[in-house]
Amino acid sequence: MSRALTVILITLLLDAVGMSLVFPILPGLLRELAGAEVTSHHYGALLAVYAGMQFLFSPVLGALSDRFGRRPVLLASLAGAAADYVLMAMAPSLAWLYVGRVLSGITGASMAVGTAYITDVTPEADRARRYGQMGAAMGLGFVVGPLLGGALGEWSLRAPFVAAAVMNALNLGVAWRSLPESNQNRTAQLDAGKLNAFASLHRLQGKPPLLPLVGVFAVIALASQVPGSLWILYGQDRYGWSAWVAGLSLACYGALHAISQAFVTGPMVARLGEKRALLAGMAADGLGFVLIGVATAGWMPFALLPLFAAGGLALPALQAVLARQVDEQRQGELQGTLASIASLIGVGGPLVVTAAFAETRPHWPGSVWIAAAALYLLALPLLFSRRARGA
């Protein structure tokens with residue numbers, strides 16, 4: 001693997017670390033800044049603010065990288081992230097913490113630019129494998145982030161932010177020295193319309209299969225909100241998991257996902273082809289959702305983790321298919337739009353999932369998982385539509 005690809009994967013890993021290290025320390029920090037009576041309200045609001053900024057700014061950074069190049073946008077994002085974590089480490093009030101999460105969401109939107117960089121430097125036949133490695137880096141970040149945040153948070157609630165600032169500053173130095181420009185076909189001018197996240201679907205132009213495939217992407221992103229929002233809450237409520245067991249399960253989930261993305265996705269896509277790998281991933285994920293919905297013992301979700309890891313096949317395979325539907329000059333715009341869709345779903349998804357769980361918990365707590373499995377059925381008509389058959 002080239003040094004440039006290594007730098008990009010480290011950047012994506014740090015994005016995931018920065019996004020997730022706040023989870024174990026945020027309640028305590030909110031109690032310190034705002035008092036215990038409003039902690040839960042602000043906890044959800046801060047998560048929504050982060051996802052909302054990613055929604056708004058992913059297409060902005062993607063379009064800027066199409067016009068000015070990937071390298072300057074990534075360097076600016078790393079510098080902004082380092083400064084932002086310093087700000088949050090020193091935040092004297094709740095308002096400053098909100099400002100910090102706004103800036104974190106903006107700089108974290110560089111994930112789209114990193115994906116476009118990988119697309120630029122990877123031959124078409126190898127893109128699914130590279131996207132899998134990207135998913136592995138992010139999966140590892142979601143293992144390291146909560147562990148780092150929890151461990152350093154025992155010493156100081158501000159220490160995890162300092163650690164994130166140092167890591168981003170070091171990565172900025174490495175990227176400055178080692179990251180060449182990948183976009184050799186930059187657009188001649190910047191269309192202001194491309195900066196509007198809400199108009200992203202109207203901007204998407206490519207081969208006929210593009211829009212149905214974007215619909216499949218949205219279905220996968222929506223289904224992923226269930227484990228993302230409910231895993232620990234469901235485990236503690238349904239199986240009586242302690243905080244340690246819940247944290248261990250989340251770390252195992254992330255670790256298996258990272259291993260699958262790094263070592264299984266590429267060979268499986270090469271063996272099955274992109275569409276069959278996409279279907280296999282959705283089938284594995286859907287089966288896992290159904291089984292956890294009827295599982296009655298606390299060890300059973302651990303046994304189902306390999307199924308969820310296999311479900312990680314779907315997204316890299318789909319991204320490889322999507323990347324072939326637009327020309328090389330518009331990869332940043334495409335990836336920015338996809339990141340915006342995922343972020344927009346990430347704003348409302350947790351609210352809907354937790355509300356649905358609260359409503360169904362007295363009667364059938366596993367029904368939310370069954371509903372998530374049923375969501376994948378919505379992707380099939382899109383995937384096999386007349387427009388998508390040529391993908």
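The values are calculated or read from the model by the stated rules, or taken from the named source; none is laboratory data. The structure displayed is predicted, hence computed values, not measured ones. Backbone-built Cβ (ideal geometry, glycine too); neighbour counts: all protein chains shown.
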Members of region 152-206 that are charged (D, E, K, R), surrounded by 14 or more Cβ atoms within 10 Å (Cβ to Cβ) and modelled with pLDDT under 80: Arg186, Lys194, Arg203
Counting just the residues of region 287-307 that are closer than 21 Å to Ala136 by Cα and surrounded by fewer than 23 Cβ atoms within 10 Å (Cβ to Cβ), which one comes out farthest from the chain's Cα centre (by Cα)? Ala303
Could you grab the pairs with beta carbons closer than 6 Å, sequence gap of 6+ or different chains, first residue in region 166-183 and touching a residue at least 12 places away in the same chain (Cβ under 8 Å) and of a type in the set (Asp, Glu), second one surrounded by 15 or more Cβ atoms within 10 Å (Cβ to Cβ) and assigned to a helix (DSSP H, G or I)? Glu181/Arg71
If I filter region 264-285 for residues that are of a type in the set (A, V, I, L, M), out of contact with any Gly (no Cβ under 9 Å at 6 or more places or on another chain), exposed (fewer than 15 other Cβ atoms within 10 Å of the Cβ) and under 17 Å from Val321 (Cβ atoms), do I get at least one hit? yes
Residues of region 77-98 classified as over 24 Å from the mean Cα position of the chain (by Cα) and among the polar types (S, T, N, Q), total: 1
Taking the condition of being in contact with an Asp or Glu (Cβ under 6 Å, 6 or more places away or on another chain) and closer than 24 Å to Tyr50 by Cβ, how many residues in region 312-332 meet it? 1
Taking the condition buried (at least 18 other Cβ atoms within 10 Å of the Cβ), hydrophobic (A, V, I, L, M, F, W, C) and under 25 Å from Gly266 (Cβ atoms), does Leu140 pass? yes
Would you confirm whether or not region 232-246 contains a residue that is closer than 23 Å to Ala136 by Cβ, part of a helix (DSSP H, G or I) and in contact (Cβ under 8 Å) with a residue 60 or more places away in the chain? no
Mind telling me which of the residues Leu305, Leu322 ends up being under 18 Å from Ile259 (Cα atoms), in contact (Cβ under 8 Å) with a residue 40 or more places away in the chain and of a type in the set (A, V, I, L, M, F, W, C)? Leu305
Members of region 261-282 found to be under 19 Å from Pro227 (Cα atoms) and without any contact (Cβ under 8 Å) to a residue 60 or more places away in the chain, listed by number: Ala280, Gly281
Given the conditions (1) more than 30 Å from Ile259 (Cβ to Cβ); (2) among the hydrophobic types (A, V, I, L, M, F, W, C); (3) surrounded by fewer than 24 Cβ atoms within 10 Å (Cβ to Cβ); (4) in contact (Cβ under 8 Å) with a residue 12 or more places away in the chain, every one holds for Phe55 apart from (1)
Can you spot a residue in region 267-277 that is in contact with an Asp or Glu (Cβ under 8 Å, 6 or more places away or on another chain), at pLDDT below 90 and outside any helix (DSSP H, G or I)? no
Checking Val347 against (1) touching a Phe, Trp or Tyr at 6+ places or on another chain (Cβ under 7 Å); (2) crowded, with 18+ Cβ neighbours inside 10 Å, only one condition comes out false. Which one? (2)
Is there a residue being out of contact with any helix residue (DSSP H, G or I) (no Cβ under 6 Å at 6 or more places or on another chain) and of a type in the set (Gly, Ala, Ser) anywhere in region 255-272? yes
Has region 70-77 got at least one residue that is surrounded by fewer than 20 Cβ atoms within 10 Å (Cβ to Cβ), over 23 Å from Gly141 (Cα atoms) and modelled with pLDDT under 85? no
